[in-house]
1. With the structure loaded, tell me whether residue 4 is in contact with a Gly (Cβ under 7 Å, 6 or more places away or on another chain), surrounded by fewer than 24 Cβ atoms within 10 Å (Cβ to Cβ) and among the hydroxyl-bearing types (Ser, Thr, Tyr) or whether it fails that test.
2. Cβ-Cβ under 6 Å, sequence separation 6+ or interchain: first residue in the range 65-86 and under 19 Å from residue 6 (Cβ atoms), partner at pLDDT below 75 and aromatic (Phe, Trp, Tyr). Which pairs?
3. For the range 1-68, list the helices (runs of 4 or more DSSP H) that sit wholly inside it and hold at least 3 residues that are within 14 Å of residue 94 (Cβ to Cβ) and not aliphatic (A, V, I, L, M); which are they?
4. Please enumerate the residues belonging to the range 64-90 that are at pLDDT below 80 and either more than 25 Å from residue 155 (Cβ to Cβ) or not hydroxyl-bearing (Ser, Thr, Tyr) (or both).
5. Considering only residues of the range 129-159 that are buried (at least 18 other Cβ atoms within 10 Å of the Cβ) and among the polar types (S, T, N, Q), which is farthest from the chain's Cα centre (by Cα)?
6. Among the candidates 152, 161, 171, single out the residue that is of a type in the set (A, V, I, L, M, F, W, C), in contact with a Pro (Cβ under 9 Å, 6 or more places away or on another chain) and touching a residue at least 24 places away in the same chain (Cβ under 8 Å).
7. Considering only the range 133-214, give the helices (runs of 4 or more DSSP H) lying wholly within it that have at least 1 residues that are at pLDDT below 85, out of contact with any strand residue (DSSP E or B) (no Cβ under 7 Å at 6 or more places or on another chain) and not charged (D, E, K, R).
Amino acid sequence: MVITLCYDAVSRNVEGMGISPFIMFSLSALAVLPSSILLVLLQDRIGRKGMASGSLLVGGLFTAAAGIAIAYQQHNHNAILLACLTIAARFGVAISYESGSQYATELIPTCVRGQGVAAVHVAGFAASFLAPYILWLGTFFKAAPSIILGVLFFAGSFVCLLLPETLNRSLPTTIEEGEVFGKGERMFDFPCLHSKHDDEESDSELEKYKRKHSLIDAKQMQMESCSNGKRKQSLIDADHEEQALKDAKH
């Protein structure tokens, strides 16, 4: 919700910069392609959590800086500075939006992934309805939209740190596995800061859970097969006894 709201608001926040809003929108849109290229290059090295949280932090810093520049300086004399800050903010939020889409897909367990991803998108688009109202607050205080968006960026960056990393991990397939996924992981556990052996150790909780339940399922299947075998044998014995009684009567 936070990422979608910030993405929509930053994309719309192109007025009052001392430049034509049409030119400003076109310039900020140029940041989308480089953000996608950078995401492809770094996401499998830094990790999903690091990319989402870091890009939100970068977007928040540049958005807050733009708000401070608008509040304390004449924007007509700092149009280039405001344009650069706005483009940098658009660059950060574009990375977070794209990485967040994949991150959410990997976090949600397989059995409810379709419903979960749909709910995430619906909630995000519902939150984006607030974007015009946040920008409208600029009629009372010009820096208000940038300050509010900066706070939302920082809040989203912090919340991302509370989520488990999904890079090089066994992803959850059931609700029960989703509840234990990432258990014991620290806020600043990033794949780029430790070795692959550490990744395997951090993945042990989910693997232990899977092994435990696979053993339980195997035992249940074995017990069911044994009970079915005994039931089948008892039916065969009953048929033999019935046949023996018939033969004795004859």
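The values are calculated or read from the model by the stated rules, or taken from the named source; none is laboratory data. Since we're looking at a predicted model, the values are computed, not measured. With ideal geometry, Cβ positions are generated from the backbone for all residues, glycine too; neighbour counts draw on all protein chains shown.
1. Here the answer is yes, as residue 4 does meet what is asked.
2. none
3. Correct list: 2-12, 32-46.
4. 70, 71, 73, 74, 75, 76, 77, 78, 79
5. 146
6. 171
7. Once the helices (runs of 4 or more DSSP H) in the range 133-214 are filtered for at least 1 residues that are at pLDDT below 85, out of contact with any strand residue (DSSP E or B) (no Cβ under 7 Å at 6 or more places or on another chain) and not charged (D, E, K, R), what remains is 175-180, 196-202.
Let's see how each residue does on (1) hydroxyl-bearing (Ser, Thr, Tyr); (2) surrounded by fewer than 24 Cβ atoms within 10 Å (Cβ to Cβ); (3) in contact with a strand residue (DSSP E or B) (Cβ under 8 Å, 6 or more places away or on another chain); (4) under 22 Å from residue 124 (Cβ atoms):
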{"site": "43", "(1), (2), (3), (4)": "no, yes, no, yes"}
{"site": "66", "(1), (2), (3), (4)": "no, no, no, no"}
{"site": "80", "(1), (2), (3), (4)": "no, yes, no, no"}
{"site": "92", "(1), (2), (3), (4)": "no, no, no, yes"}
{"site": "96", "(1), (2), (3), (4)": "yes, no, no, yes"}
